[in-house]
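Peer 1: Below you'll find the structure I mean.
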Amino acid sequence: MINSKKGPVTVKSLFESEKIEGSCDPATVYRLLQKLEKKKIIRKIGLHDRSTHFILNESGQHRDYVVCHDCGDVETLEMICPVEELENKVSKSTGFQDVYHELQFYGICPVCAKDK
């Protein structure tokens with residue numbers, strides 16, 4: 001299922017997983033994902049028009065991503081987020097609580113770059 005330690009997943013990968021395969025159709029999986037997103041349990045990542053991935057929203061956990069604009073692959077950035085300090089400043093200066101950000105970089109992944 002959706003597990004933040006394994007990274008973002010697609011609707012297709014969820015639908016084809018052993019636990020779901022054959023028990024419901026892709027539309028049902030997608031509707032459930034939309035409900036979970038609306039309740040802020042998960043969030044969308046990637047190129048929403050053609051390659052949407054989903055990841056759990058875990059309290060105290062933050063990850064940023066890089067997305068291939070050719071194939072839509074999404075990879076987790078394993079580095080310290082440069083925006084977290086700014087996020088704290090925004091919260092202090094505006095009085096907003098539960099301030100968060102979503103940071104995604106876009107480019108061409110090594111596999112797609114090799115194919116060019």
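What follows draws every value from the coordinates through simple rules; no lab data is involved. Treat the numbers as computed from the prediction; the structure is a model and nothing was measured. Neighbour counts are summed over all protein chains in view; Cβ atoms, including those assigned to glycine, are modelled from backbone coordinates with ideal geometry.
Peer 1: Note the full-extension length gain between Glu16 and Cys71 as 0.36 nm times their separation in residues minus their Cα-Cα distance, in nm to one decimal.
Peer 2: The span from Glu16 to Cys71 would gain 17.9 nm if fully extended.
Peer 1: How far, in degrees from 0 to 90, does helix 84-94 lean away from the longest principal axis of the Cα atoms of the chain, to the nearest 10?
Peer 2: The angle comes out near 60 degrees.
Peer 1: List the residues, sorted by chain then number, that are 5 or more residues from Leu103 or on another chain and whose placed amide H is less than 5 Å from its amide H.
Peer 2: Amide H neighbours of Leu103, under 5 Å, 5+ apart: Tyr65.
Peer 1: What's the tally of Lys pairs in the chain whose alpha-carbon atoms lie under 25 angstrom apart, where the two lysines are 8 or more places apart or on different chains?
Peer 2: Lysine pair count for the chain: 25.
Peer 1: While we're looking at this one, here's another question. Calculate how steeply helix 26-38 sits against the longest principal axis of the alpha-carbon atoms of the chain, using the helix alpha-carbon long axis, and give the answer as 0 to 90 degrees to the nearest 10.
Peer 2: Between the helix axis and the principal axis of the chain, the angle is about 10 degrees.
Peer 1: Next up: Sticking with the crude label model, points 7 Å out along Cα→Cβ, report the distance from Asn57 to Lys89 in nm, one decimal please.
Peer 2: 2.5 nm
Peer 1: While we're here: What value, in deg cm²/dmol to 500, does the helix sum -39500 (n - 2.57) over DSSP H runs of n ≥ 4 give at 222 nm once divided by the residues of the chain?
Peer 2: So the calculated ellipticity at 222 nm is -8500 deg cm²/dmol.
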